[in-house]
Structures are given as structure tokens and as C-alpha cells.
């Protein structure tokens, strides 16, 4: 019995309204659709699983890599309230040209563009309201599913679902404090200072908290946009 069967049977016992056929000999495509149906926190779990080729076959892992972390944006009104509470000032006093249309909206956070009062272009990353409570609720479900699997399936000794979920927990809880991401960004920027090939955006620490992070905005091409990369004749091997 493979890992997907083990973890999905545990989840099936703990969730309602999911059609039974999803769990019958699940493959990567069914797994991706199922995780999408459970919401963004489980999508991120699928993204983690896609890197675990020690417990998933290559084809299944590739299917899970197709999972995207894009989500419906939360309201600008809520976002402004969070920013103003965290930074102790109004949006208008903090920034110019604040764009109310998000650049990106993911499972944990949302990103907007703006300018500092000195005209520098920046991006503002804000955690979703009540996201910590939502994450911890879903982690409890995953932990319960992992325990069920451990007791019911002999192959759990090899796959160790409790450890897989613990790995995910460690990863996602770190993402709930944007100061950690800011610190990693800042360290990488220092390590590559003076590089002609890699530029890391500046962190504005006076505008960064556990729930809000402000970075210098830079232009670039997403590494997943292969078509544009080819148009610019970028050496993909060197890029990798």
C-alpha cells in the first residue's frame, strides 16, 4: 500500500462530504484534486509531498508539483487594518500609490505594491487574518490522520506519516512569522552583495513585523516562465 493510500484513508475517516472513489487506488491526479478540495493549507501539504520522492513515485510527485498556491484575495479593508495595527500608522501616512489590487494572493499571505514616501517602489506582504488559527486547526486534522494511519497500516513503519506531518508542521509554522523570511532574505542579500548575476531585494526592517513584511520591488522573470526565459536567450543550465 503506497503513501497516498495510507494518508488518504486516514483523512477519509476524519473528513466529511468527500466522495469515496477519490480514495480507491489514488494516483497523483486524484491526490491533487482531493487536496485542492480541502483548501489552501492542504495544497501546501501536497507541495511538500511533491518533494518527497523517497515516499512517492516520480509520476505522483510530478502531479503534485502542479498544485498552485494561488487563492482568492482577502479584502483590502482587512489588509489595511492589519498593516495599520502592526506598523502603528495609517496606510496613507506610511505609503504613497498603494495599489489595492493584489500582485499575488496565496494561502498564507497577500502581496500589494506601493511606494515609500521617498518614491522607492516596494512590495508589502501581509499574512491573512486569523491564518494561525486556521493552520493549527488543519494541522490537528493531519496529525490525527497520521496517527490513524500509523495504527492501521503496517507500511507506516517505513513511510512514517507522523514524521511527514511533523516536517510539514515545522515548515508552515515558520512561514507564520514574516520576520524569519525577512531575516533569511537579508542574510542572502549580504551573502551575494556585489554579485553581478544575482540581486536580492532590500528588507525595510522598520516596516516589518511578524505579520507584515516590506521589501524593495524589483523587476524580473519568474523561473517557471520558460517561454519568456527562452525569448531572452537565458542559459537555463546556468540559471539552475
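Please treat every number below as a calculation from the coordinates, not as lab data. Bear in mind the structure is a predicted one, so any value in this text is a computation, not a measurement. Note: ideal-geometry Cβ built from the backbone for every residue, glycine included; neighbour counts use all protein chains shown.
Packing, taken as the mean count of other beta carbons within 10 Å per residue, orders the peptides 37-48, 127-138, 183-194 from highest to lowest as 37-48, 127-138, 183-194. For the chain, take the longest principal axis of its alpha carbons; what is the angle in degrees between that and the long axis of helix 178-191, to the nearest 10 within 0 to 90? In the chain, helix 178-191 runs at an angle near 70 degrees to the longest axis. Inter-label distance, residue 219 to residue 92: 3.2 nm, where each label sits 7 Å from its Cα along the C-beta direction. Extension gain, residue 197 to residue 115: 0.36 nm times the residue separation minus the Cα-Cα distance gives 26.9 nm.
Here the extension length gained between residue 157 and residue 137 equals 4.6 nm, from 0.36 nm per residue of separation less the Cα-Cα distance. Extension gain, residue 187 to residue 210, is 6.5 nm, computed as 0.36 nm per intervening residue step minus the present C-alpha separation. The angle between the Cα long axis of helix 28-38 and the main principal axis of the chain comes to about 70°, on a 0 to 90 degree scale.
Could you tell me how many degrees, from 0 to 90 and to the nearest 10, lie between the Cα long axis of helix 40-49 and the main elongation axis, the longest principal axis, of the Cα atoms of the chain? It works out to around 70 degrees.
Let me test this: with uniform point scatterers at the alpha carbons of the chain, what is the Debye-based log₁₀ I(q)/I(0) at q = 0.13 1/Å? Reported log10 I(q)/I(0), two decimals: -0.94. Using a Gaussian network model of the chain in which every pair of alpha carbons under 10 angstrom is joined by a spring, one finds that among 195, 90, 75 the greatest mean-square fluctuation is at 195.
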